1. Helix-only estimate, please: 222 nm mean residue ellipticity of the chain, summing -39500 (n - 2.57) across DSSP H runs of length 4 or more and dividing by its residues, to the nearest 500.
2. Suppose R0 equals 51 Å. What FRET efficiency, 1/(1 + (r/R0)^6) with r the Cβ-Cβ distance, do Glu410 and Ala328 give to the nearest 0.05?
3. Above 19 angstrom, tally the Cα pairs of the range 345-399 and express them as a % of all pairs, no decimals.
4. Determine the distance separating the Cα centre of the range 42-80 from the Cα centre of the range 414-485; give it in Å without decimals.
5. I'd like to compare 436-442, 193-199, 215-221: which one has the highest average count of other Cβ atoms within 10 Å, and what's the full order after that?
6. For the range 229-348, what is the convex hull volume of the alpha-carbon atoms per residue, in Å³?
7. Taking a spot 7 Å from the Cα of Asn114 along the direction of its beta carbon, which residues of the range 208-234 have an amide N less than 20 Å from it?
8. With just the Cα atoms of the chain, tell me how far they stretch along each of the three principal axes, in Å, largest first.
Amino acid sequence: MTTTSSTTSFAASVLDPIRAIVGERGIITDPGTMQPFMESWRDGWVGRSPAVVLPDSAQALAAVVRICAETRTPIVPQGGNTGLTGASQPHADGSEIVLSTNRLNRIREIDLDNDTMTVEAGCILANIQNAARDVGRLFPMSLAAEGSCQIGGNIATNAGGVQVVRYGNMRNLVAGLEVVLPDGRIWDGLRGLRKDNAGYDMKQIFIGSEGTLGIVTAAVLKLSPLPRATATALVAVSSPSDAVDLLTRAKGKVGDRIITFELIQRFCIDIARRHVPDVPDPLNDVYPWYVLVELADQDSGERLAGMLEGILEAAMEAGEVLDGVVAASKAQADSLWRIREGIPEGQKREGVSYKHDVSVPISKVALFLDRANAALEREFPGIRPFSFGHLGDGNIHYNPIQGEDGDPAEWKARLGAVNAIVHDIVVDLGGSISAEHGIGRLRIDELPRYKSPVELDMMVALKMAFDPHNIMNPGKILRLNGNAR
Ligand SMILES: O=C(O)CC[C@@H](O)C(=O)O
Ligand SMILES: [Zn+2]
C-alpha cells in the first residue's frame with residue numbers, strides 16, 4: 001500500500017466522522033497550517049499528522065476520542081506545545097491525530113470562599129494568573145512559557161517552575177479534574193475539595209501522565225492569598241554548598257516566605273549576557289556562583305526587605321555570602337529576574353549542550369555537582385559545566401556545553417555517554433532523571449535503566465488498564481512490550 005492510498009483511506013474512515021463532530025473550524029488538514037502543531041519550539045522534535053483536531057467542548061472532544069477508539073487511531077494530545085521532551089508532537093510516520101485543546105479556553109467558575117478556580121484545559125497560564133489577580137488571589141504556577149503554555153499541558157506534565165519551593169508543583173495546585181478517557185468516556189472529577197479520602201486519588205494518576213492515560217479537559221485549581229509585598233535579591237556565593245547553607249539559614253528565619261531560591265553558575269550569566277539583550281551584571285565583582293532569592297508575604301515591603309537584608313548580613317558574617325544586592329524597586333527586581341530568564345535562551349544560541357533536568361535531595365546537590373563535573377571533565381576534557389536551577393527544590397538543570405574545540409558532530413555523538421554518566425550519579429544519590437520536564441520521548445529509553453522492574457510493572461499495568469489499545473499518546477514515557485511504541 002502506498003503512503004497516498006493509506007492516507008486517503010485514513011481520511012475517509014476517520015476524518016469524515018470527526019469533521020462531522022467538530023465542523024470545518026475544528027479541523028486542520030492543510031500541511032502549512034498544521035506545521036506549528038507538528039514541531040517543538042526547541043530541541044528539534046518534528047512529526048507528521050493527517051489532521052489537527054480542535055474540539056470546542058469536552059463533549060466534542062470525547063466524541064472524537066470515541067471515533068479514534070473505535071478505529072484504533074492513535075492520538076497525540078496537545079496544549080500550548082511548549083514542552084521540552086517531545087511529548088506533544090506526533091511521530092514522523094503520520095499515523096497519529098493531534099488533538100489540540102486550543103479552543104477549550106473558558107474560565108468556568110471562580111469560588112472565592114473556597115479559593116478555587118475552575119478552568120478549561122486550553123486556558124493560557126498567564127490568563128489564569130491574571131484572572132486570579134483580578135479577584136485578589138494568586139495562582140502561583142510560574143514558568144518561562146507562561147505566556148503561551150496551557151494549563152492542561154501544565155497538568156499533564158506536572159509542571160514545576162520558579163515558585164515550587166513555596167507552593168509546590170502542579171500536583172499540589174489541583175483540587176479536581178475532568179478527563180476524557182481513551183475509550184471516550186468523560187470522568188467528571190471537578191471537585192473543589194481540600195479533603196477527599198474516598199478511595200484512590202484518581203486525579204493524581206493523570207497529573208504528570210503526559211497524555212498517555214487520558215486527556216485533561218478541565219481542572220479545579222487551588223488559589224492562594226495574593227502577597228502584598230515581595231523582596232528580591234541576587235547574592236554571590238563561593239560554592240553550591242554555601243548556597244545550600246544560605247537556604248537552610250533563610251528557611252530557619254523566614255520559613256515559607258521564601259517563594260524562589262534559584263542557583264546560578266557564573267558561566268550561565270556570561271552566556272545569557274552574550275546572547276540576550278538587557279541581562280545585567282549588577283555586582284561589582286565576578287563570583288563563581290549566585291543565588292536569586294525572592295520572599296513574599298502579606299506584610300509591608302519595607303519589613304520584608306529588612307528581613308532579607310538581615311539574613312544576608314548574618315550569612316555574610318558567617319562567610320556563606322560574598323556579596324549581594326537587594327532590589328530597591330520593582331524595576332530592579334525585574335532586571336535581576338532577566339538574568340535567570342535569559343539563561344535558557346542564551347544557552348540555546350551557544351551550541352551543543354547536554355540538557356538534564358535532575359533532582360537529588362537538597363543536601364546532596366553540592367555533592368552531585370562535584371561528582372558530575374569531575375566525571376565529565378575526566379571523560380571529555382574541554383566540556384564546559386553549565387548548571388542552574390531550582391535549588392530550593394533540589395532540581396538542577398545540569399546542562400554542560402560542548403568544548404570550544406573539536407567537531408560539533410563529535411560532541412553531539414557523546415550525548416548518550418554524557419547522559420549515562422550524569423544519570424548514574426543522580427540515581428546513586430537517590431535522585432530522579434526528570435524533576436519537572438517529564439519523560440516524553442527524550443528520556444523514554446533511559447527510564448527502564450533507572451526504574452526498578454517493580455515500578456515499571458506498575459506503570460505498564462496502569463497504562464494497560466486505562467488504554468489497552470495504546471492509542472493515547474503512544475511511544476511517550478513507556479514502550480509497551482518492547483514495541484517501538
Ligand atoms: O533550559 C533548561 O534546561 C531549563 C528550562 C526551564 O525548566 C527553566 O528552569 O528555565
Ligand atoms: Zn526549570
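Every number here is computed from the coordinates shown, using simple stated rules; none is lab data. Everything quoted here is computed from the prediction, not taken from an experiment. FYI the Cβ positions are ideal-geometry reconstructions off the backbone, even for glycines, and counts take in every protein chain you see.
1. Here the helix-only value at 222 nm equals -11000 deg cm²/dmol.
2. Efficiency, from the Cβ-Cβ distance: 0.60.
3. Result for the distance tail: 29 percent.
4. About 23 Å separates the Cα centre of the range 42-80 from the one of the range 414-485.
5. Numbers: 436-442: 22.3, 193-199: 8.4, 215-221: 28.1.
Top to bottom by mean Cβ count within 10 Å: 215-221, 436-442, 193-199.
6. Values: hull volume 11.3 nm³, N = 120.
Roughly 94 Å³ of hull volume per residue.
7. Counting backbone N atoms under 20 Å from the label point, the list is 216-226.
8. 73, 59, 44
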